[in-house]
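Q: Dumping the structure here so I can ask a few things about it.
Nothing in this text is a laboratory measurement; each read-out follows from the coordinates by a stated rule. In this text, all values refer to a predicted model and were calculated from it rather than measured experimentally. Using ideal geometry, Cβ is built from the backbone for each residue, glycine included, and neighbour counts are taken over all protein chains shown.
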Amino acid sequence: MEQSFIMIKPDGVRRGLIAEILTRFQQKGFTLRGAKLMQMEQALAEQHYAEHKERPFFPDLVEFITSGPVFAMVWEGEGMIAEARRLIGSTDPAEAAPGTIRGDLAVKKSENVIHGSDSPESAEREINLFFQKHELIETGKNS
Ligand code: CMP
């Protein structure tokens, strides 16, 4: 079964959206395999966003993602990576459809509430970056 790394960003945590977002993923039928509230350090932020390193917004992105706690999660389900991105909506909330998390809960591209892995390779990389094996519940143990 496919897994994706999903993270509620500092704006989402600050605005009290953890429960709302958890509910959306649970109601869709996905299974939570791991979750933690954590403060990202600069080095982890730079690693996580390495693909954006050359972009002009990179320093602001790192500053924003380290500006407060994030809520990191691993979700599992059929077609999890693509399905999560459908639930989340377009990167720019102005273009995200109503009914999606960003469409309903965000207004700014730079503070778009939530991150979801964009490919199986990113999911594997990001899960390993944020979680140790013992922090994740094995498939079949909580579903
Ligand atoms: P996400 O796709 O989760 O990860 C990269 C983030 O960079 C993206 O969300 C946006 O929040 C942010 N981002 C992408 N493009 C821009 C931009 N042009 N200006 C500011 N932030 C951006």
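Q: If you average the sequence gap of Cα pairs under 8 Å that are 6 or more apart and divide by the length of the chain, what percent do you get for the contact order?
A: About 37 percent, as a whole number.
Q: Could you work out which residue, out of Ala19, Ala82, Ala94, moves most in a Gaussian network model of the chain, that is, has the largest mean-square fluctuation with Cα springs under 10 Å?
A: Among Ala19, Ala82, Ala94, the largest GNM mean-square fluctuation belongs to Ala19.
Q: Please sort 126-139, 99-112 by packing, taking for each peptide the average over its residues of neighbouring beta carbons within 10 angstrom, highest first.
A: 99-112, 126-139
Q: By the gyration tensor of its Cα atoms, with a ≥ b ≥ c the square roots of the eigenvalues, what is the shape of the chain: rounded for a/c under 1.5, prolate for a/b over b/c, or oblate?
A: Oblate, because a/c is 1.5 or more while a/b does not exceed b/c.
Q: Now for a separate question. Between Ala19 and Ser119, what FRET efficiency comes out of the Förster formula 1/(1 + (r/R0)^6) with R0 = 30 Å and r the beta carbon distance, rounded to 0.05?
A: Details: r = 28 Å, r/R0 = 0.94.
Calculated value: 0.60.
Q: OK, next. Which residue, Asp60, Asp118, Asp11, tops the fluctuation ranking in a GNM of the chain built on C-alpha contacts under 10 Å?
A: Between Asp60, Asp118, Asp11, it is Asp60 that shows the largest mean-square fluctuation.
Q: Same structure, new question: Separation between the Asn128 and Phe64 pseudo-spin-labels, each 7 Å from Cα along Cα→Cβ, expressed in nm?
A: 2.8 nm
Q: Hey, with R₀ at 35 Å, roughly what FRET efficiency would Arg55 and Lys28 work out to, going by the Cβ-Cβ distance, to 0.05?
A: Approximately 0.65, to the nearest 0.05.
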